[in-house]
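Q: There's a structure below that I have some questions on.
The values are calculated or read from the model by the stated rules, or taken from the named source; none is laboratory data. No experiment lies behind these values; they were computed from the predicted model shown. Cβ: placed from backbone, ideal geometry, glycine included. Neighbour counts: every protein chain shown. Only protein heavy atoms, including side chains, enter the accessible area calculation; ligands, DNA and RNA are left aside. Shrake-Rupley method; radii C 1.70, N 1.55, O 1.52, S 1.80 Å.
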Amino acid sequence: MPEKLAEKIEVDLVLEAIYKRHGYDFRNYARSSLMRRLHYVRQKSSLKRLSDMIPLVLYDEAFANQLLLDISVTVTEMFRDPEFFVELRSLVIPLLKTYPFVKIWHAGCATGEEVYSMAVLLEEEGFYDRVQIYATDMNQESLTTAEEGIYPLESIRKFTKNYQKSGGKSSFSDYYHAKYQMGKMKEDLKRNIVFSQHNLATDNAFGEMHLIICRNVLIYFDKQLQNQVYQLFNQSLVPRGFLCLGSKESIEFSDIQSQYEALSSKWRIFRKQLPL
Ligand SMILES: C[S@@+](CC[C@H](N)C(=O)[O-])C[C@H]1O[C@@H](n2cnc3c(N)ncnc32)[C@H](O)[C@@H]1O
């Protein structure tokens, strides 16, 4: 059997084992980057073949948890792509401000930096008290870090630069307490955030959202899963609601494209149109 086909079967079996044993569905993730991450884990664990992971996935809880972390990329930062936040402030926030109450869903929020960025922005725009933020990720460990809101000062320095470029109106140091080389986000910023576990591949829609932000998540999915998730977002958004994606993600060629207008093509900000 050609090596490549054998390896494809191995990957299928590993992903099937993860799904059947732990309920995490990576079967429709884009294969090339998933493969790189699986090989990274294989080497790190000194395994000869990818399929040697199967018994570990089934019987070794610690291995399985680490594997889940290693194959889901959790890289993030505050005010990531500062220009996106500039656009959000000028194009979306003034419209949202006209609503009596606003619900925002951050899907795939990782360790929470993006969510705190939003809380800071809404606070500065003076209407955070009328907003409820739902911050979700499939990864419980990331969510725990998100809820704690403690980040290394080294990262905070980068966040501060991004904040300034994003149109921040204050000093970023107003939003955290520094202690022992770490910065803890001020408790008050969390007052309207609910963190909860949600898997975009297997769980249901969230109702009546005015804004959905899902950046740098769908990039890891294949076309079929991307489409499935776009349908989920479409069901979750109110008419005239906003959808924000990452800079390398787009609804172009998706089944929902015709129902959306682009407010910022560069920064992937879309608005759901009223049904005809
Ligand atoms: C690269 S991070 C993006 C974080 C943040 N949105 C940003 O742009 O900085 C990708 C996140 O997507 C999450 N993720 C991957 N697959 C997911 C799924 N099926 N359901 C929910 N979250 C998922 C990962 O756990 C990870 O935290």
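Q: Determine if region 83-91 includes at least one residue that is among the aromatic types (Phe, Trp, Tyr) and open to solvent by 40 Å² or more (accessible area, probe 1.4 Å).
A: no
Q: Any idea how many residues of region 175-202 are within 15 Å of the ligand (Cβ to nearest atom) and in a loop (DSSP other than H, G, I, E, B)?
A: Matching residues across region 175-202 total 5.
Q: Which condition number does residue 226 fail, the rest of (1) over 22 Å from residue 269 (Cβ atoms); (2) within 14 Å of the ligand (Cβ to nearest atom) being met?
A: Only one criterion in (1) over 22 Å from residue 269 (Cβ atoms); (2) within 14 Å of the ligand (Cβ to nearest atom) is unmet by residue 226, namely (1).
Q: Looking at region 157-180, which of its residues are open to solvent by less than 30 Å² (accessible area, probe 1.4 Å) and in contact (Cβ under 8 Å) with a residue 60 or more places away in the chain?
A: 159, 162, 163, 166, 168 - these are the residues of region 157-180 that are open to solvent by less than 30 Å² (accessible area, probe 1.4 Å) and in contact (Cβ under 8 Å) with a residue 60 or more places away in the chain.
Q: Can you find, within region 251-276, the residue that is farthest from residue 211 (Cα to Cα) among those that are polar (S, T, N, Q) and open to solvent by 30 Å² or more (accessible area, probe 1.4 Å)?
A: 258
Q: Another question, then. Scan region 80-96 for residues that are out of contact with any Gly (no Cβ under 7 Å at 6 or more places or on another chain), within 10 Å of residue 117 (Cβ to Cβ) and more than 10 Å from the ligand (Cβ to nearest atom) and jot them down.
A: Result: 82, 88.
Q: Still on this model: Select from region 42-57 the residues that are of a type outside the set (D, E, K, R) and under 17 Å from residue 16 (Cα atoms) and list them in ascending order.
A: Once the filter is applied, which keeps residues that are of a type outside the set (D, E, K, R) and under 17 Å from residue 16 (Cα atoms), region 42-57 yields 50, 51, 53, 54, 55, 56, 57.
Q: Regarding residue 205, is this residue near the ligand (Cβ under 8 Å from one of its atoms) and of a type in the set (A, V, I, L, M)?
A: Considered against the rule, which asks whether it is near the ligand (Cβ under 8 Å from one of its atoms) and of a type in the set (A, V, I, L, M), residue 205 comes out as no.
Q: Which of the residues that make up region 181-211 are of a type in the set (S, T, N, Q), open to solvent by 70 Å² or more (accessible area, probe 1.4 Å) and touching a residue at least 40 places away in the same chain (Cβ under 8 Å)?
A: If the condition is that a residue be of a type in the set (S, T, N, Q), open to solvent by 70 Å² or more (accessible area, probe 1.4 Å) and touching a residue at least 40 places away in the same chain (Cβ under 8 Å), then 197 is the only one that fits.
Q: Identify, please: which residue in region 104-145 is within 16 Å of the ligand (Cβ to nearest atom), open to solvent by 10 Å² or more (accessible area, probe 1.4 Å) and assigned to a helix (DSSP H, G or I) and is, among those, nearest to residue 91 (Cα to Cα)?
A: By that ranking, first place goes to 114.
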